[in-house]
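For reference, the structure is listed below as structure tokens.
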Amino acid sequence: MAKKNFRIGLDIGGTKILAGAVNAAGRLVASAKARTVIDEGERYFFNTVTELVRHVMDEAEISAGDIAGIGAGCPGVINADDNIVVHSPNIPFLDGYPLGRRLEKEFGVKAAVENDVNMGLYGEYCFGAAKGRRYVAGFFLGTGIGGALILDGKLYRGFSGAAGEFGHICLECNGPACGCGNRGCLEALVARLAVSGEAAVLAARGKAPALLAKAGTDLRAMKSGVLAKAVQADAEVRELVKFKARQLGLAMGTVVNIIDPEMIVLGGGMIEALGDVILPEAVKGMKAHALSVLAKNVQVVPAKLGDLATVMSAARMAEDRK
Ligand SMILES: [Zn+2]
């Protein structure tokens with residue numbers, strides 16, 4: 001009989017799907033990726049997923065009998081008990097989709113489906129920046145802002161499976177409109193699009209010559225890497241990013257006051273590119289707004305795991321949930 005020494009991890013995103021095979025030692029032995037095609041619907045999507053899984057199995061020279069489980073990280077609200085995607089704003093045909101059951105039927109193994117941000121923090125907890133910690137909050141900054149919680153050594157999902165929506169903490173009740181329909185959320189003020197928007201205004205006013213030369217005034221061209229270069233050359237862009245980091249710190253302080261964590265992990269594309277500037281200012285903002293008795297115990301660290309974090313973490317969760 002096969003030993004079931006391998007696990008498969010899936011990172012399902014709005015633009016791409018990554019798959020990986022992880023061996024008993026926790027090492028990634030094969031990986032593959034494909035584009036997420038939104039227009040072709042659910043059947044095409046699931047075919048892509050199964051082809052990717054078969055591809056990594058071939059590459060790792062294993063069969064379904066060698067697999068102990070399949071884990072999948074997915075954006076949106078996930079019912080982790082039933083492995084169902086409840087609501088997925090970026091991949092609409094996945095609303096109500098029984099992804100876990102489909103994977104279990106297809107490959108004859110146990111599946112574990114989890115929100116991708118939860119999966120990311122779980123990876124940091126299992127083998128990244130938060131290894132060995134029991135009370136951790138994660139903020140992940142990119143185009144939007146996602147959050148997740150580890151409480152008493154366990155991923156905390158909440159009643160609806162959507163706990164840790166730190167991106168929608170309201171910082172300015174009359175502030176800019178947020179994608180969620182409210183105003184002044186952390187995400188509307190501090191996510192990459194918000195920072196790029198204000199940086200574009202600086203460029204248009206002639207206050208950010210290096211940024212203007214690189215990206216014009218097109219905020220879509222102002223990706224995190226472009227902002228990181230501008231921060232070095234344009235003092236006003238640097239001040240803008242520092243101000244945004246202190247606003248992030250305000251939201252972090254709120255979370256600290258509620259859950260009393262020992263660590264906050266900051267991750268995502270903005271932190272990878274601008275972490276050196278953001279982290280110290282975010283700590284200042286957090287300390288200014290949280291109760292000092294709590295804030296003094298909080299270590300703020302950048303996430304350690306890169307691109308394949310969700311795949312590795314999903315594979316690990318497949319093992320932990322069985
Ligand atoms: Zn919001």
Using the alpha-carbon atoms, what tilt in degrees (0 to 90, nearest 10) does helix 116-127 show relative to the longest principal axis of the chain? 80 degrees
Alpha carbon centroid spacing (whole Å) that separates region 242-270 from region 297-319: 17 Å
Roughly speaking, what is the stretch gain from GLN232 to ASP58, that is 0.36 nm per residue apart minus the C-alpha to C-alpha distance, in nm to one decimal? 58.1 nm
With a point put 7 Å past each Cα toward its Cβ, work out how far ILE259 is from PHE46 in nm, to one decimal. 3.3 nm
Starting from the eigenvalues of the Cα gyration tensor, five times each then square-rooted, give me the equivalent ellipsoid semi-axes of the chain, largest first, whole Å. 35, 22, 18
Could you line up LEU28, LEU274 from fewest to most neighbouring Cβ atoms inside 10 Å? LEU28, LEU274
The answer for the net charge of residues other than LYS287 whose Cβ lies under 12 angstrom from its Cβ, with Lys and Arg +1 and Asp and Glu -1, is +2
Would you work out the Kirkwood radius for region 129-302? I mean one over the mean of 1/r across all pairs of different Cα atoms, in Å. 16.3 Å
In this structure, the FRET efficiency calculated for LYS304 and ALA25 from their beta-carbon separation, with R0 = 25 Å, to the nearest 0.05, is 0.85
Nearest 10 degrees, 0 to 90: what angle lies between the long axis of helix 309-321 and the longest principal axis of the chain (Cα atoms)? 50 degrees
Two pseudo-spin positions, 7 Å from Cα along C-beta at LYS4 and at ASP152, lie apart in nanometres by 2.9 nm
Name the residue, out of LEU291, LEU305, LEU186, whose mean-square fluctuation peaks in a Gaussian network model built on the chain with Cα pairs under 10 Å. LEU291
Which length gain, in nm to one decimal place, applies between ARG134 and ARG101 when the Cα-Cα distance is subtracted from 0.36 nm times their residue separation? 8.8 nm
Cut-off 12 Å between beta-carbons: net charge of the residues surrounding GLY76, Lys and Arg +1, Asp and Glu -1: -4
In terms of modelled amide H atoms, which long-range or inter-chain residues lie less than 5 Å from the amide H of TYR97? VAL85
For region 50-120 and region 145-222, write down the distance between their C-alpha centroids in whole Å. 28 Å
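No lab work stands behind these numbers, since they all come straight from the coordinates. The structure displayed is predicted, hence computed values, not measured ones. Using ideal geometry, Cβ is built from the backbone for each residue, glycine included, and neighbour counts are taken over all protein chains shown.
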